[in-house]
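Structure first, commentary second.
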């Protein structure tokens, strides 16, 4: 079974899971290349995403996609999704129990795609992987997490509200192609000595 078929089956499994919260909203599973080496993960769908059943299609999503194109990447060459796959009411922050409920599916999704880099968009996505991290301090840094590199980046929605945040987000996005070029080298050099240690900083400032 290829990756596309595995993802299709996982999406069907989620759609049939009546125990998942937020089922009054549409399922927004994710989109892009199943073979992508870079996976963008936000926190949850918003109004436009719920309506179109696609991730990152509103104003924040358009900003993300615009930056991808400016980097020379095609939108379909990466994979875009969220931790929580359905819109919370009134676009509120996802609750801990909602994040926990969707966690097994996200982990399966990550395992299928097997990216070299996960770009965690915003503090909720970042803290899903790195609970002690702070977005203002750690965005743009590169962390080793299990078998991939994790790069926290300001959420595009925050960038729409602040020109300073926008500049930092764009700067971090532009690093991604260079990080990808050296991903194998970084992963080989940063292999944790202790298996129980989930993550470690690879390099705080790469470029």
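Where a number appears in this text, it was derived from the coordinates with a stated rule and is not lab data. Just so it is clear, the structure is predicted and the values come from calculations on it, not from any experiment. A quick note on method: Cβ atoms are made from the backbone with ideal geometry, for glycine too, and the neighbour counts reach across all protein chains shown.
To the nearest 500 deg cm²/dmol, what mean residue ellipticity at 222 nm is calculated for the chain from DSSP H runs of n ≥ 4 alone, each contributing -39,500 (n - 2.57), summed and divided by the residues?
Calculated from helices alone, the mean residue ellipticity at 222 nm is -13000 deg cm²/dmol.
Students often get this wrong: which residues of region 1-17 have the backbone nitrogen under 18 Å from the point 7 angstrom along Cα-to-C-beta of residue 76? Those under the cut-off are 3-5, 7-8. Going from the residue with the fewest nearby Cβ atoms within 10 Å to the one with the most, 93, 184, 50 rank 184, 93, 50. Annotation for region 29-84 versus region 117-188: alpha-carbon center distance of 15 Å.
Taking 0.36 nm per residue of separation and subtracting the Cα-Cα distance, full extension of the segment from residue 69 to residue 97 would add 6.6 nm. Full extension of the chain between residue 111 and residue 52 gives 18.7 nm of extra length, using 0.36 nm per residue less the Cα-Cα distance. With a simple spin-label model that places each label point 7 Å from the Cα along the Cα-to-Cβ direction, the separation between residue 171 and residue 3 comes to 3.1 nm. GNM remark for the chain: springs join alpha carbons under 10 Å apart, and the peak mean-square fluctuation among 95, 106, 27 falls on 95. Overall form of region 1-86: oblate. Here a/c, set by the Cα gyration tensor axes a ≥ b ≥ c, is 1.5 or more, and a/b is not larger than b/c. Given Cα pairs under 8 Å that are at least 6 residues apart, what percent is the relative contact order of region 3-192? Once normalised by length, the contact order is 23 percent. Rounded to the nearest 5, what % of the DSSP beta bridges within the chain are antiparallel ones? Antiparallel bridges make up about 40 percent of those DSSP assigns within the chain.
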